[in-house]
Structure formats: structure tokens, C-alpha cells
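A.B. asks: Dropping the structure in here first, questions after.
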Amino acid sequence: MSVFSDKKSEIHSSVNRLYNLLENKRVAGEKYHWLNLGYWKNSANTQSACQDLIQLVAEYACIQNSRKILDVGFGFGIQDIFIANQYPHCEIHGVNIVENQIEEAKELVSENNLSNRIFLQKGDATQLDYDDETFDKVIAIESAFHFYTREVFFKEAYRVLKKGGALCLAEGLPNFNKISDTKFIERSRFLGIPIENQYEISVYINKLKDAGFTNIEYLDVSEWVVPFGAFVVKQPKGWRFNEDVCIPDKETLEKLISEFKTNTTIDKYYVVKSIKA
Ligand SMILES: C[S@@+](CC[C@H](N)C(=O)[O-])C[C@H]1O[C@@H](n2cnc3c(N)ncnc32)[C@H](O)[C@@H]1O
């Protein structure tokens, strides 16, 4: 095996270990499938904040004008069910590498009678099993930081998009290119984030350009994700439960934000859109 494929399988193992760890923290009987950190501008409730993040991505990506969408790193597929219900004309395909998520997502799709419009399969973001120019939109929500590497995925996304199609991403990034800090490197490894993916937004934009994308735009929504994310991830039940949250006082919150930034390696949160001209 090459060094590249060794590194890739190491990252895939870390991703599987991480999500199995989170899975074990799930309370028996709870059926809460949202995995994103939420967009809290108009919501104090975890479920609606998670839905609002997907709605933000869907609107930014202009999904209303699309027929065929690829969701890369679909978690439990709950956002695909949400999108399919919001936009009844579109067909959604998805890939993920974590087996139990794929199985549960397929069950959810079937329970929601959407098996004729949502097609989920096992697959790696950096080797997409689709023909060139298949999709109107490719989305990756809080997943591209895991891919080995994100820039290889950018090239694959470009390949499978039709001309005029868009790649829309939502994810947290560091606000520096600090690859020499040992603690940061260790934390990234624990989180299944290749150190090669740890760079700030200007580098991110350049890598999209290198993959061929144009018309690159982004929204900095850090203020509506990070403080609330910092609070909810610290709750005993985590952020995956359907409850209203009450943000603590400024001093406590600042401490939580600082811990969140260290623990997740996320400083800023962006929604990014780019076009295949
Ligand atoms: C934080 S979760 C986000 C899930 C979902 N997009 C959401 O917003 O709820 C990251 C997802 O990316 C998936 N993932 C990680 N590496 C992947 C890869 N190389 N190819 C495809 N999916 C991957 C994980 O299994 C997980 O489902």
C-alpha cells in the first residue's frame, strides 16, 4: 500500500472510531439523528437549529433550481429527508463511510417513503462512484474536514458536477495555519481530521480555485454557530437531542467557547459556495 492509502485508511479508522464513540453515548431508545452544530440565529431549540443550518445551505446552494443532488457525508440522512420534503422535485444521492449510519439512514428513508427519491450508499468522498457531469449540486455539511484530503474531494466534486452546477459546503475551520502545534495535531488526529485539511478560509478558497471552481462566495456564520455549539456540546445529552437551550452568562459562555475551540479545532464557521463554470 502507498503512504497515501495508508494515511487514508488511518483517517477512515479514526472517523469510524469517533462516530462509534458518539453512538455509544446515545441514550437507549432515543431516535435523534441530527449531527450538525446548528444555526442558532432564529432558534433556541436544537432540532430547529439543525434544520435551519440545512435550510441555509439549501437556499445558499439554490436547491430549488436543482433536480439531482449529491450529499457527501450524509450522517443519518436526516437532512436528505428534510431537503426531499422541502423540495419535492429533487432526487438525492449520498455517500458515507460509516456502516451503522448508512443502515440507519436507509431505514429512515424507507420509513419516510422516500426510497424512490433518496439513494444512499457506502462510498468515499475522494473516489466518487458516479459518472462525470451527473449532478446539479454537490453538498457536504460538516463532513469535508474528514476527507483525505479535502482538496482531492474538491476535484471529485468538480468532476461529477454538471457545467453550471454548484458545490456548497458548511463547516468549521481554524483561523490559522498552525500545523506545528503538537496538541493541535493530536486533537485533529483524534477527531479524524487530516492535518492536511487544517487551514483557514483564504487557503480553502485557493484550493477551490485550484480544483477549477469559480464564483466562490462564502458566509461567515461563526457568531450563530460557535457560541451555541460550544454550549450544547457540553450538555450531558450532547447537541443531538430535541430540547430548548438557555445560554449561560457571558463569563461561563466565554470559557465554554475557548474549550470548544481547543476541543474541536474550530474557530470559525462558514457556508461556502462555488460554481463549475
Ligand atoms: C459531522 S458528520 C455530519 C453528518 C451530516 N452531514 C450532518 O450534517 O448531520 C460527518 C459525516 O461525514 C462522514 N464521512 C467522513 N469521512 C467520509 C468520507 N471519506 N467519505 C464520505 N463520508 C465521510 C461521516 O461518516 C459522517 O457521516
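A.B. asks: Round to the nearest 10 and report in Å² the accessible area of R67, as given by a 1.4 Å probe over the protein chains' heavy atoms.
C.D. replies: Looks like 120 Å² after rounding.
A.B. asks: I've got another one for you. When a/c is below 1.5 the answer is rounded, else prolate if a/b is larger than b/c, else oblate, so apply that to the chain with a ≥ b ≥ c taken from the square roots of the Cα gyration tensor eigenvalues.
C.D. replies: Rounded shape, in that the Cα axes give a/c under 1.5.
A.B. asks: Considering the Cα trace of segment 68-200, what is its radius of gyration and what is Dmax, both in angstroms?
C.D. replies: 15.6, 49
A.B. asks: For the pairs K207/K276; K106/K207; K122/K207; K122/K268; K106/K155; K7/K183, note any where the Cα-Cα span goes beyond 23 Å.
C.D. replies: Cα-Cα > 23 Å for K106/K207; K122/K207; K122/K268; K106/K155; rest within.
A.B. asks: Now for a different question. Once label points are set 7 Å from the Cα along Cα→Cβ at both D131 and N85, what is their separation, rounded to one decimal in nm?
C.D. replies: 3.3 nm
A.B. asks: Moving on to the next point. Summing -39500 (n - 2.57) over the DSSP H runs of n ≥ 4 in the chain and dividing by its residue number, what mean residue ellipticity at 222 nm do you reach, to the nearest 500 deg cm²/dmol?
C.D. replies: Mean residue ellipticity, 222 nm, calculated: -13000 deg cm²/dmol.
A.B. asks: Could you give each residue of segment 183-199 its phi-based ³J(HN,Hα) in whole Hz, using Karplus coefficients 6.51, -1.76, 1.60 with θ = phi - 60°, and x for Gly or Pro?
C.D. replies: So the J values, rounded to whole Hz, are 5, 5, 5, 5, 5, 4, 4, 4, 7, x, 10, x, 4, 4, 8, 8, 8.
A.B. asks: Please give the FRET efficiency for N45 paired with S2, using the beta carbon to beta carbon distance and R0 = 41 Å, rounded to the nearest 0.05.
C.D. replies: Between N45 and S2 the formula returns 0.30.
A.B. asks: Which percent of Cα pairs goes in each bin when the distances of segment 98-147 are cut into 10 angstrom slices starting at zero?
C.D. replies: That works out to 20, 48, 32, 1, in percent per bin.
A.B. asks: Gap in Å between the Cα centre of segment 141-213 and the Cα centre of segment 62-76?
C.D. replies: One Cα centre to the other: 19 Å.
A.B. asks: Now for a separate question. What's the ranking of 139-147, 102-110 by average number of surrounding C-beta atoms within 10 Å, highest first?
C.D. replies: Ranking, from highest mean packing down: 139-147, 102-110.
A.B. asks: On to the next question. Does segment 164-230 classify as rounded, prolate or oblate by the C-alpha gyration tensor (a ≥ b ≥ c root eigenvalues; a/c under 1.5 gives rounded; else a/b over b/c gives prolate, otherwise oblate)?
C.D. replies: In terms of gyration-tensor shape, oblate.
A.B. asks: Separate question: Among residues other than K268 whose Cβ falls under 11 Å from its Cβ, what is the net charge (Lys/Arg +1, Asp/Glu -1)?
C.D. replies: Combined, the nearby Lys, Arg, Asp and Glu give -4.
A.B. asks: What number comes out for the charge environment of S110, summing +1 per Lys or Arg and -1 per Asp or Glu over other residues with Cβ under 13 Å away?
C.D. replies: Residues near S110 contribute -3 overall.
A.B. asks: OK, next. Normalising by the residue count of the chain, find the relative contact order in percent from Cα pairs under 8 Å and 6+ residues apart.
C.D. replies: Computed value for the chain: 22 percent relative contact order.
A.B. asks: Could you pull out every residue, at least 5 positions away or on a different chain, whose amide H is within less than 5 Å of the one on H93? Hs are placed 1.01 Å off N in the peptide plane, and Pro or chain starts have none.
C.D. replies: I69, L70, D71, F119
A.B. asks: Let me ask something additional. At a probe radius of 1.4 Å, what is the per-residue accessible area of F228, in Å² to the nearest 10?
C.D. replies: The value for F228 is about 40 Å².
The values are calculated or read from the model by the stated rules, or taken from the named source; none is laboratory data. Since the model is a prediction, treat every value here as computed from it, not as a measurement. Don't worry about glycine lacking a Cβ; one is built from the backbone with ideal geometry, like all the others, and counts go over all protein chains shown. Side chains included, ligands, DNA and RNA excluded: accessible areas come from the protein's heavy atoms. Shrake-Rupley method; radii C 1.70, N 1.55, O 1.52, S 1.80 Å.
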